[in-house]
Amino acid sequence: LRLLPRQRYLQAERAEVSALERKRNVLCCLITRILKVEKQLHIDNLVFRVIDACQKGELGPGLQFLSFCCHSVDVLSCVLHLLNQGYLRRQEERPHVLEY
């Protein structure tokens, strides 16, 4: 029987996955919160507002201290996730406009 050293990269991968999951959850909540207020919004405007809020640290109650970098790909990925979950929908006559 031979003892192997602990594999630290597995712990690092779990931490990275956890951080990415938290980031996705924050972005999804932010997207939902913005669309609840606006009711409908062009997807470009939504992406801009989410990125702006992330850069300014305006993520909502209890999250003011967080400020993280997010890119349009992150936001669009979360939009697709919310569309698939049924939280958001596209207008039939204008598919670039999202509704809550």
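Could you please let me know if Q11 is part of a helix (DSSP H, G or I), farther than 20 Å from H81 by Cα and at pLDDT 70 or above? No, not satisfied. Among residues of the stretch 67-87 that are of a type in the set (F, W, Y), those with a Cβ under 8 angstrom from a residue that is at pLDDT below 90 and not in a helix (DSSP H, G or I), sequence gap 6+ or separate chain, pair up as Y87/Y100. Whenever a residue of the stretch 89-100 is of a type in the set (S, T, Y), its partners that are open to solvent by less than 100 Å² (accessible area, probe 1.4 Å) and in a loop (DSSP other than H, G, I, E, B), lying with C-beta atoms within less than 8 angstrom and at least six residues away or across chains, give the pairs Y100/L88. Do we find that N25 is at pLDDT below 90 and in a helix (DSSP H, G or I) in this structure? In short, yes.
The values are calculated or read from the model by the stated rules, or taken from the named source; none is laboratory data. All values reported here derive from a predicted model rather than from experimental measurement. For neighbour counting, all protein chains shown are included, and Cβ atoms are generated from backbone atoms with ideal geometry for every residue, glycine included. Areas reflect the complete protein model, heavy atoms only, side chains present, ligands, DNA and RNA absent. Shrake-Rupley method; radii C 1.70, N 1.55, O 1.52, S 1.80 Å.
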